[in-house]
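Read-outs: derived from the displayed coordinates by stated rules, not from any lab. From a predicted model like this one, the values you see are computed outputs, not experimental measurements. Because the Cβ atoms are built from the backbone with ideal geometry, glycine has one as well, and the counts that use them run over all protein chains shown.
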Amino acid sequence: MRKIFLIPVFLILAFRPPHTSINFTVQQLAPHVWAAIQNDKGGHAICNAGIVDLGDKTLVFDAFINPDAAKELKQIAEQLTGHPVAFVVNSHYHDDHIRGNQAFMPGATIISTEWTKTEMQKAEPEEQAWARKNIAGSLQKAKKQLNTATGKEKEEALMWAGYYEAISQSLPQLKTFLPSLTFKDSLWIHGSPTEVLLIECSGHTLSDAVMILPHEGIAFMGDLLFVQRHPYLGDGDPDSWKKNLDKFYNDKTLKIFVPGHGPVAGKESLQTIITYINDLQHLATDAVKKGEPDSVFAKTTVPPKYKDWWYGRFYPANLGFMYEKAKTKQ
Ligand SMILES: [Zn+2]
């Protein structure tokens, strides 16, 4: 009799390569937790996202900038967990974290802090009106840059071309879906295999939501954490940002940190951002003390330790913002 060898389904699933596409790559962090890390090769995700299996439903943390990329995220999340996406958390109001909301509707409850919802309601009509007027020009400029850039600059130019393309492609069908469940301070969502804690922190904006998985020691930081990239400081509160990062740094239960942008990292990544904010604060305070005009200060070159980081275009804006802050403290 011939022997038939059957490979158990769980072995096939265990060795299945992680999902990857032009938009994002899925990375499993724990039995019920995945990160969807944006690919920087011209894809349309533009920020990272999280997927949590709550037992009978799925939670997604951050929704990308483009509804088509978010549709892919929904499909992959439901494949991984076997349950529909019931909750979508928006970590903050910036377009790259919220515009994919429509891909989860109807069916999902969108969650954010109370402040984020109000800010989203204010900012989105203005941002979308700006985009309708300017996106074609921005995209054309980005494509030109992509054609002329070389080496590392070309790699980043491809990401920015993807960013403008993601906005341009989605605008004709874009609808704003505001959160229908809001919280202040914190919110627990309990599932059967695991549970999540959303914590309101100010820093990158005046209200960001961080998602903690206490049993797994994982923190989805939203844009309170950028890894190997300049963080954008201009909409936030740098002192409070440092305080909040320090609080998570000192939490011994947390081991894995998922940034809003960049690869999954360890605890040291929080200190790097604290140092970055401190460095810019010192530079700005010195410039104000010396009476250096802000126009000159904003042109200060990027310090060597941050030279290899992406999003260098945020650096002059960050300097200008810190200069204004330093002036008010004089
Ligand atoms: Zn942001």
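Would you mind putting 106-116, 67-77, 186-196 in packing order, based on average other-beta-carbon counts within 10 Å, highest first? Show your work: numbers first, answer last.
Working: 106-116: 20.1, 67-77: 22.3, 186-196: 16.1.
Result, highest mean Cβ count within 10 Å first: 67-77, 106-116, 186-196.
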- Note on the structure: When the charge dipole of region 21-266 is computed with +1 at the Cβ of Lys and Arg and -1 at the Cβ of Asp and Glu, the Cα pointing farthest to the positive end, of T194, A70, G43, is that of G43
- Message: Just want to confirm a number: the relative contact order over region 227-318, from Cα pairs under 8 angstrom separated by 6+ residues, in percent.
- Response: 43 percent
- Note on the structure: Mean projected area, convex hull of alpha-carbon positions in region 49-102, reported to one decimal in nm², is 3.0 nm²
- Query: Rg to Rh for region 254-326: what is it, with Cα atoms only and Rh by Kirkwood?
  - Reply: 1.03
- May I ask for the percentage of alpha-carbon pairs in region 209-317 that lie more than 17 Å from each other? 55 percent
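Rounded to the nearest 5, what % of the DSSP beta bridges within the chain are antiparallel ones? Could you put the intermediate results ahead of the total?
Working: 29 of 44 bridges.
The antiparallel proportion sits near 65 percent.
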- Item | Cα long-axis angle, helix 114-148 against the chain (0 to 90 degrees, to the nearest 10) | 80 degrees
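Evaluate the relative contact order of region 21-266 (contact order divided by residue number), counting alpha-carbon pairs under 8 angstrom at least 6 apart; express in whole percent.
Values: 542 pairs, mean separation 44.8, N = 246.
This gives 18 percent for region 21-266.
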- Task: Report P(r) for region 168-227: all Cα-Cα distances, bin width 5 Å, range 0 to the bin holding the largest distance, values in whole percent.
- Result: 4, 15, 19, 20, 16, 14, 8, 4, 0
- Task: Compute the separation of the alpha-carbon centres of region 311-330 and region 204-237 and state it in Å as a whole number.
- Result: 20 Å
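Please list 217-226, 237-246 highest first by mean number of surrounding beta-carbon atoms within 10 Å per residue. Could you put the intermediate results ahead of the total?
On the way: 217-226: 26.0, 237-246: 18.5.
The most tightly packed comes first, giving 217-226, 237-246.
Could you line up R132, R99, R229 from fewest to most neighbouring Cβ atoms inside 10 Å?
Numbers: R132 14, R99 29, R229 20.
The fewest-first ordering by Cβ neighbours comes to R132, R229, R99.
Grab the Cα-Cα distance for N147 and Q228, subtract it from 0.36 nm times how many residues apart they are, and report the gain in nm with one decimal. Walk me through the numbers before you get to the answer.
On the way: separation 81, 0.36 × 81 = 29.16 nm, distance 2.43 nm.
In short, 26.7 nm is gained.
How large is Rg/Rh for region 21-266, to two decimals, with Cα atoms and a Kirkwood Rh?
Details: Rg = 17.1 Å, Rh = 18.0 Å.
Taking Rh as the inverse mean 1/r over Cα pairs, Rg/Rh reads 0.95.
So if I average 1/r over every pair of distinct C-alpha atoms in region 27-160 and take the inverse, what Kirkwood radius in Å does that give?
Details: mean 1/r = 0.0627 Å⁻¹.
Result for region 27-160 stands at 16.0 Å.
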